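Scroll down for the structure; my scribbles are underneath it.
The values are calculated or read from the model by the stated rules, or taken from the named source; none is laboratory data. The structure displayed is predicted, hence computed values, not measured ones. Cβ placement follows ideal geometry from the backbone for every residue including glycine, while neighbour counts extend to all protein chains displayed. Surface accessibility is based on the protein's heavy atoms, side chains included, excluding ligands, DNA and RNA. Shrake-Rupley method; radii C 1.70, N 1.55, O 1.52, S 1.80 Å.
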Amino acid sequence: MTEPSTLNAEPSAPARDFASELNPEQHAAATFGDGPLLIIAGAGTGKTRTLVYRVAHLVERGVKPERILLLTFTRRSAQEMLGRVERLVGNASTRVHGGTFHGTAHRLLRAYGEQAGVARDFSIMDQGDSEDLMGISRGNLGYGQRKSRFPKKETLQRVYSRHVNTEIVVEDILRDEYPQFVDDAQDIIRIFADYTARKGERNLVDYDDLLLFWAAMAEQPDLGRRIADRYDHILVDEYQDTNVLQARVLRAMGRTHRNVTVVGDDAQSIYSFRGANFRNILDFPAQWPGATVVPLERNYRSTQAILDVTNILISRAPERYTKTLHTKRSGGDRPTLVAAKDEHEQTRFVVDRILELHEEGTSLRDIAVLFRAGYMSAELEIELTNRRIPFEKWGGLKFLEAAHVKDMLAFLRLVENPRDEVSWYRVLLLLPGIGDTTARRAIAALVQHAWDKRALVDFVPPPRAREAYARLITLLEALGTGGSGAQLNGEQNQSDVSAEITRIRTLYDDILRERYDRAEPRLSDLDRLEAIAGEYPSRAAFLAELALEPPSSTQDLASGSPEDDDALILSTAHSAKGREWDAVFLIWALDGWFPSTRALRNPEDADEERRLMYVAMTRARDELYVTYPIGGFASRGGGSSMAQLSRFIDHGVRASMKQVVAMPEVEVPETQSRGAQPVMDVRALLRGRFGGA
C-alpha cells in the first residue's frame, strides 16, 4: 500500500505483437518514440489500454522500469495499470514508479525535503485539519469576535487552496467568487500568513503544500536537476484535470529529456471548481514545442446512435480538439428525449422504465440516474424507497469525515507529531469539562514549553475534567510521542499501529458512548479501522495514506472486499466520470438546472457545463434517456420563472433523438361525503399512548 509499486523482479515475458492487439491510432500512440506526446482520447476509446501498452512498450524497448514515472489521479488507478503492464511484459515492469501527483510529491518530499527546509518527520493534514488550523489562526488573530460578517474557516481554506492551486491572486478570487468579502482581503491575507507560519512551526504540511513544495524543489537549479534526473520518461493520465501547479511540475521534471506523454480529453474537463485548468491540455502543444498529437476516435463503449447525439452536443464547444467518435457496434435505439408534465411525472417515467429494464434482464447496478447536483434526486429517492427499489447514492459523508474516525486519527497524529496543534485541540475538547478556553490555555502551555508533554502534567484542568484528563496523560505517557526514528524508517512492528488504536480505545470508547446515542455502528467503524491499521508497516505510513487518498468508506481501504448487492446507482455527473452503464437516465435537463444558473454568468463556466453534460451522456453503453419536467422552475435574478429545455439540447441534438411525452395516468380519487361521522378517534390513540386525556 505504498508508492511507488516495487516488487521483486523476475524474467520478462515474451514480446507482444502490439499491432494485433491495438487499433492503428492506439498503436501509433503506444509505440511513439521520444519527445512530447499528447494523446487526445475521446470517451470510451481505450485510453487506459493505450497508456498501459505505452508503458509496456517503453519497458520492452529497453527503458529501465525504475526510470519511468506514471502519474494518475488515484493510487488504485496506478496499481491497476501497472498490474496490466506486468501481465504484458513480466515482473520487470513492477519497478515502474506509479502513483498520484500528491503521493509522488510526498515521497520526494520525504527524500529531498530537508534540503528545501522541510524536516523529514513532517505530518500531513487532511482538508478538515487544514480548516481547523485555519480556524485557530482566525480566532487567535481576533477575527472570531468581529461584529460584521467575516469568512468562516471553511471559506478561508477554500480561498487559500484555490490561490495555491490556480496561482490566481487572493483579491481576484474574492472579487469573482466571494464579493461580499472583497474589503476583507488584507485581513484574510494576514490570516493566511499566520496559518503558513503555524504549519512551519509545527512541522505540518497540508495537501496543497505537497504540490507547491514539489514544484519549488523541481524548479530549483541543482536540487531540481537531481530530482528530475531520476526519470527518463513521464506519463500522465487524465491531463485535462491537472491544475497550474501540476503543469509546472511536469515542465520542470521533463525540461531535460522532454519525454513527456499526457493522455486526456478536453471534452471531459469538468473540474475547474477543484482548480483544474482547461488550458493545460489545450495549450500543451504550445508549452511543449514540437509535440505530437494523436487522437483516439474509435469508441468501444456506446452505440453509434448515442455517439451521433454526443458528437453534435460537443461540436458546439467554442474551443476543442476536433474529433468525431465512431464505433463498429451495430444496432441500438436512438437516445430518448422525454418531456414530462412535472417533477412527479419525470420521476414516475424514470422509475417505471427502470423496472421494465430490470424485468428484461438488466441488473440494477448496470443502470444509473445522473443529475447536475445531489439535491435534484430528492423526490426520486422517496419514490424508489416507496417501491422498494434498492439504490446507492454516490456522495455524502466520507469515512474520514465521520467525527469518531477523525477523533481516533487525532490521537495517532499527536503521538506521531507532538507539535500537531489541531490534533491537540481536538483531543482536549473530547474530555468532559474542557471547553475552548481551557483547551487553548493547555496548548499555550505546550507552546511555552516547546511542545514538551510534561507541560500538560503540570497543567491544572477544571475539577470536572480532572479524572478524564489524568487518564489522557497516562495514555499519552504509555504511547510515547513517536514521530521520528523507527516509525519513519519503517522499523515499527507491523501490529503496533492497531495495538496503539486498541490502547487509545480504552479511553475513547467511553467518550464515544457518552457523545452518541447510537454508538454501536461507530464502534464497528473503529473495529474496522483497527484491523486495517495492522496492514501498514508504520504509523507514519498509515496516516500518510489516509491523508493522501481519503477513502469514502472502510471498504475503500479493504482488499478483496465483496461486491455490493444489486442496487441502482444515483450519481452526480461529476461523480459519474470514468464509469459506464448499460442504461443511463439524465434528469432535470433544464436551463437553470443543467446548466446551473450560476454557470450562466460567464461563457467559460457555461462551456464547462456543456462538457459536463457530454460526460454524463457518454456514460451510456446501450440506452440513454434525457428527461425534463415542463413545469419546472429556475431561479432568475432573485426570482424564479418557468424553466426551458437545456440550451445544450438544441435543434441539431434533438433531431438525432427520439422525442416522447410522459403523460400522467388518470386516477379516480375515492370520494367521501362531507361531514361524515368518524367511527373512531385515531388521535386519541396517540394521546393515550403518552398519558394524554
Completion exercise
Exception for residue 352 within (1) outside any loop (DSSP other than H, G, I, E, B); (2) charged (D, E, K, R); (3) in contact (Cβ under 8 Å) with a residue 24 or more places away in the chain; (4) surrounded by fewer than 19 Cβ atoms within 10 Å (Cβ to Cβ) falls at (3)
Problem - Test: residue in the range 558-565 that is modelled with pLDDT of 90 or more, in a loop (DSSP other than H, G, I, E, B), open to solvent by 10 Å² or more (accessible area, probe 1.4 Å) and closer than 30 Å to residue 361 by Cβ - result: no
Problem - Among (1) assigned to a helix (DSSP H, G or I); (2) over 30 Å from residue 410 (Cα atoms); (3) in contact (Cβ under 8 Å) with a residue 40 or more places away in the chain; (4) within 27 Å of the chain's Cα centre (by Cα), the one test that residue 69 misses - result: (1)
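Conditions (1) at pLDDT below 85; (2) farther than 30 Å from residue 541 by Cβ; (3) touching an Asp or Glu at 6+ places or on another chain (Cβ under 8 Å); (4) open to solvent by 10 Å² or more (accessible area, probe 1.4 Å), marked per residue:
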site	(1), (2), (3), (4)
362	no, yes, yes, yes
433	no, yes, no, yes
442	no, no, no, no
446	no, no, yes, no
Exercise for the section: Within the range 516-527, count every residue that is open to solvent by 50 Å² or more (accessible area, probe 1.4 Å) and farther than 17 Å from residue 411 by Cα. Expected result: 5
Handout entry: Pairs with Cβ under 8 Å, 6+ apart, first in the range 515-537 and outside any helix (DSSP H, G or I), second acidic (Asp, Glu)
Key = 536/545
Handout entry: Filter result for residue 137 (buried (at least 18 other Cβ atoms within 10 Å of the Cβ) and under 29 Å from residue 100 (Cα atoms))
Key = no
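Could you list, in sequence order, the residues of the range 98-134 that are outside any helix (DSSP H, G or I) and open to solvent by 40 Å² or more (accessible area, probe 1.4 Å)?
Filtering the range 98-134 for residues outside any helix (DSSP H, G or I) gives 98-100, 117-126.
Once the filter is applied, which keeps residues that are outside any helix (DSSP H, G or I) and open to solvent by 40 Å² or more (accessible area, probe 1.4 Å), the range 98-134 yields 117, 119, 120, 121.
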Exercise for the section: Being touching a residue at least 12 places away in the same chain (Cβ under 8 Å), at negative phi and not hydrophobic (A, V, I, L, M, F, W, C) is the filter here, so list the residues in the range 46-66 that pass it. Expected result: 47, 48, 49, 50, 53, 54, 57, 60, 64, 65, 66
Handout entry: Every residue from the range 101-144 that is farther than 25 Å from residue 408 by Cα, among the hydroxyl-bearing types (Ser, Thr, Tyr) and modelled with pLDDT of 90 or more
Key = 104, 112
Practice task
Go through the range 448-467 and give me each residue that's surrounded by fewer than 18 Cβ atoms within 10 Å (Cβ to Cβ) and either assigned to a helix (DSSP H, G or I) or under 38 Å from the mean Cα position of the chain (by Cα) (or both).
Solution key: 448, 450, 452, 453, 454, 455, 457, 458, 463, 464, 466, 467
Practice task
Give 593, 588 a once-over and let me know the one that is open to solvent by 20 Å² or more (accessible area, probe 1.4 Å) and modelled with pLDDT of 85 or more.
Solution key: 593
Exercise for the section: Test residue 392 against the criterion of being open to solvent by less than 30 Å² (accessible area, probe 1.4 Å), touching a strand residue (DSSP E or B) at 6+ places or on another chain (Cβ under 7 Å) and more than 30 Å from residue 498 (Cα to Cα), and give yes or no. Expected result: no
Fill in the blank from the handout: Picking from 405, 427, the residue that is open to solvent by less than 60 Å² (accessible area, probe 1.4 Å), under 25 Å from the mean Cα position of the chain (by Cα) and either farther than 30 Å from residue 367 by Cβ or not acidic (Asp, Glu) (or both) would be 405
Problem - Top-ranked residue of the range 157-200 - restricted to ones that are part of a helix (DSSP H, G or I) and in contact (Cβ under 8 Å) with a residue 60 or more places away in the chain, ranked as nearest to residue 135 (Cα to Cα) - result: 195
Practice task
Go through the range 308-320 and give me each residue that's crowded, with 17+ Cβ neighbours inside 10 Å and either modelled with pLDDT under 90 or not hydrophobic (A, V, I, L, M, F, W, C) (or both).
Solution key: 308, 310, 311, 320
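Output the helices (runs of 4 or more DSSP H) that fall wholly within the range 201-293 and possess 2 or more residues being more than 16 Å from residue 108 (Cβ to Cβ), or say none. Working first, answer last.
Working: elements: 207-219, 221-228, 244-253, 279-282, 284-287.
Answer list for the range 201-293: 244-253, 279-282, 284-287.
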Exercise for the section: Please state which one of 412, 357 is crowded, with 21+ Cβ neighbours inside 10 Å and in a helix (DSSP H, G or I). Expected result: 412
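Can you tell me which residue within the range 254-273, out of those that are free of Cβ contacts under 8 Å to residues at least 60 places away in the same chain and farther than 22 Å from residue 314 by Cα, is surrounded by the fewest Cβ atoms within 10 Å (Cβ to Cβ)? Lay out the reasoning, then the answer.
Within the range 254-273, the first condition is being free of Cβ contacts under 8 Å to residues at least 60 places away in the same chain, and the residues that meet it are 255-256, 273.
So of that shortlist, the ones also farther than 22 Å from residue 314 by Cα come out as 255-256.
Details: 255: 14, 256: 12.
Residue satisfying both the conditions and the ranking: 256.
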Practice task
Could you please find all residues in the range 301-334 being touching a Lys or Arg at 6+ places or on another chain (Cβ under 8 Å) and not in a helix (DSSP H, G or I)?
Solution key: 301, 302, 303, 316, 317, 325, 326, 327, 328, 333, 334
Practice task
Output yes when any residue across the range 88-97 is open to solvent by less than 10 Å² (accessible area, probe 1.4 Å), on the phi < 0 side of the Ramachandran plot, at pLDDT 85 or above and more than 18 Å from the chain's Cα centre (by Cα), and no when none is.
Solution key: yes
Fill in the blank from the handout: Apart from one, (1) over 26 Å from residue 263 (Cα atoms); (2) under 28 Å from the mean Cα position of the chain (by Cα) all hold for residue 283; the odd one out is (1)
Problem - Odd one out for residue 320, checked against (1) closer than 23 Å to residue 621 by Cα; (2) under 26 Å from the mean Cα position of the chain (by Cα) - result: (1)
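Of all residues being in contact (Cβ under 8 Å) with a residue 40 or more places away in the chain and under 12 Å from residue 69 (Cβ atoms) in the range 215-236, which is most open to solvent (accessible area, probe 1.4 Å)? Just the residue, please. Please lay out each step first, then the result.
Residues of the range 215-236 that are in contact (Cβ under 8 Å) with a residue 40 or more places away in the chain, as a first pass: 216-217, 220, 223, 226-227, 230-236.
Right, trim to under 12 Å from residue 69 (Cβ atoms) and you get 227, 230-236.
Working: 227: 0, 230: 74, 231: 2, 232: 53, 233: 8, 234: 2, 235: 2, 236: 0 Å².
Ranking the candidates gives 230 first.
Among the residues of the range 374-385, is there at least one that is in contact (Cβ under 8 Å) with a residue 12 or more places away in the chain, more than 30 Å from residue 154 (Cα to Cα) and open to solvent by 60 Å² or more (accessible area, probe 1.4 Å)?
Of the range 374-385, the ones in contact (Cβ under 8 Å) with a residue 12 or more places away in the chain are 374, 376-377, 379-381, 383-384.
Then drop every residue that is not more than 30 Å from residue 154 (Cα to Cα), which leaves 380, 383-384.
Okay, now just the ones that are also open to solvent by 60 Å² or more (accessible area, probe 1.4 Å), so none.
The answer is no, given that none of the residues of the range 374-385 is in contact (Cβ under 8 Å) with a residue 12 or more places away in the chain, more than 30 Å from residue 154 (Cα to Cα) and open to solvent by 60 Å² or more (accessible area, probe 1.4 Å).
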